[in-house]
Amino acid sequence: MYSTLYQLDSSIIRSEAEVETRFLQKLFADLGFPPEAIVPKEHIPALWLTDGRKRTKKEVDFLLKDPNGIARIVVEAKDPSKNIFDAWGQAASYALSINKDKPYDKRIKWLLISNGIMTALYPHDSNIPLLTLQLSDFASGMPPYVALRTHIKYAGMLPASKKALTFKPLPPAELNKLFMTCHNMVWKAEKLAPHDAFFEFCKFIFIKIREDKKRQTYGPEVEPYEMPLTLAWLKAQAKTSKHPVRDILFRELCEELEVKVQAKKKKRIFEKNETLELKATTCKTLIEKFESVDLSSIDEDLNGRMFEVFLNAAIRGKDLGQFFTPRSVVDFMTRISLRNIDLENIPIILDGCCGTAGFLIETMAYMTGRIRNDSRYNERDRIKKIEHICNDCLFGIEANKRTSRIARINMYLHGDGGSHIFHGDGLEESPKPTIDMTDEEQSETIDQANTVKNELFDIILSNPPFSMNVSIQQTPYCENC
């Protein structure tokens, strides 16, 4: 059994101590816990529990604290030969003893038990695990691992203030279901073609993620009516705007992106005078559905990439004239092509038929995950290398204009700082600007031609189109295929 995320084989985990050092310490770091939030067993006082005349000593291996310094997770490590489910009683007894004299908002919430091969997450008051993971589940994009991060990552452990609305991330399956339900609602309510409905829904999700990330900076004094994309905010805006999502939030987003486009830091996602086509009533329904959902970590939590998974599912198939590579194939091809990369010499990667950027997102996740878990780098070096990957190492070309812009949204939301996604034909040998192109489009075509001509790519990772016809007379094109 093998974890691709931690580059860890079960055969080298032979003792409880190795479970702690080889597996749990990597897991804690990946969940975002700083050293001061991880309390090892030598600093945890033992508890003596009395059952009649018998006194029992209870100890645990780690306590994990939230950003306020309150212990929230009891962690128990076991030898790989031991059954983790037999350890629930000890962890639960310890949590019960800690919690009995504490108010609800300062109690232990979770029990995490692992022998390296199997890992289980329990609510503190239940003997039924919420999640059970094998070592192989600790891999980029695996739903059990994404769900684990959703529940216990460090950044998500701050309690909501009494005045604030409750925002929470959803498990992957629930989030995908919500996305699909809302997309179908938009399609029917707006009477748009599926592809157009999806692009309009993407605009709303783009706004939602942007506002959720801004909300992370709000203090407890901020009232719900001051938080965009809440029903209270919508009601407060009604006096000055009939469609505040379009007239305020989408306009602000476009203005922010336009500054980056003009500075040549971003490629265009929306046209200069583009607007949000969704009706105000449709936006209100979407706000009702998403009001309490936290999407702020959708780009940070690269291992989930739920937006990309939903995106491919929503616009898949012949009715839209496009096909998308199955996620399992994307994952396999990425790992095969990157298995021997040198983190000191990050490769430059191109997807010449990138679609919605699935390969590039997976590549970004794989390489940044390797860097985050490499003990050779300090935090400053990690940030610098990850920025280099996102800004300088990933390139894509997509022939469909709308799809290329969806790919740019996808990359933007997942942390790409440069969005090197070209709208053009990735199989064309020497793309040239035409007279019907705008100045911006001509510049992009020249940029694409120069980028390809310079042959700066170390890896080509792509699934060329198989749903199109090419005549034999198009010799250069066929040779490139």
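The values are calculated or read from the model by the stated rules, or taken from the named source; none is laboratory data. Predicted model, so just to flag it, every value in this text is computed and none were measured. We place every Cβ from the backbone using ideal geometry, glycine too, and count neighbours over all the protein chains shown.
At a glance:
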read-out: Condition broken by Glu221, with the remaining ones in (1) buried (at least 19 other Cβ atoms within 10 Å of the Cβ); (2) under 29 Å from Tyr154 (Cβ atoms); (3) modelled with pLDDT under 85 satisfied; value: (1)
read-out: Lys272, sole failed condition from (1) over 27 Å from Arg382 (Cα atoms); (2) basic (Lys, Arg); (3) modelled with pLDDT under 90; (4) assigned to a helix (DSSP H, G or I); value: (4)
read-out: Residue count, the range 169-198 (criterion: closer than 19 Å to Ile209 by Cα and polar (S, T, N, Q)); value: 2
read-out: Qualifying residues in the range 335-359 (those that are within 17 Å of the chain's Cα centre (by Cα) and in contact (Cβ under 8 Å) with a residue 60 or more places away in the chain) - the one farthest from Phe28 (Cα to Cα); value: Ala357
read-out: Residue selected from the range 391-404 under the condition among the small types (Gly, Ala, Ser) and not in a loop (DSSP other than H, G, I, E, B), by the criterion surrounded by the most Cβ atoms within 10 Å (Cβ to Cβ); value: Gly396
read-out: Residue in the range 235-256 that is without any contact (Cβ under 8 Å) to a residue 40 or more places away in the chain, polar (S, T, N, Q) and surrounded by fewer than 17 Cβ atoms within 10 Å (Cβ to Cβ) present; value: yes
read-out: Hits in the range 23-47 - residues which are modelled with pLDDT of 90 or more and in contact with a Ser or Thr (Cβ under 7 Å, 6 or more places away or on another chain); value: Phe23, Leu24
read-out: Test: residue in the range 94-109 that is within 17 Å of Lys41 (Cβ to Cβ), modelled with pLDDT of 90 or more and in the same structural domain as Ser126 (by TED's automatic domain parsing); value: yes
read-out: Number of positions in the range 385-405 that are of a type in the set (A, V, I, L, M, F, W, C) and touching a strand residue (DSSP E or B) at 6+ places or on another chain (Cβ under 9 Å); value: 5
read-out: Candidate set: the range 408-427, residues that are assigned to a loop (DSSP other than H, G, I, E, B) and either modelled with pLDDT of 85 or more or more than 19 Å from the chain's Cα centre (by Cα) (or both); chosen: the one surrounded by the fewest Cβ atoms within 10 Å (Cβ to Cβ); value: Asp425
read-out: Residue that is modelled with the lowest pLDDT [pool: residues in the range 284-297 that are farther than 24 Å from Ala189 by Cβ and not charged (D, E, K, R)]; value: Ser297
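Results for (1) modelled with pLDDT of 80 or more; (2) not in a loop (DSSP other than H, G, I, E, B), shown as yes or no for each residue.
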{"site": "Ile406", "(1), (2)": "yes, yes"}
{"site": "Glu429", "(1), (2)": "no, no"}
{"site": "Ser443", "(1), (2)": "no, yes"}
{"site": "Gln473", "(1), (2)": "no, no"}
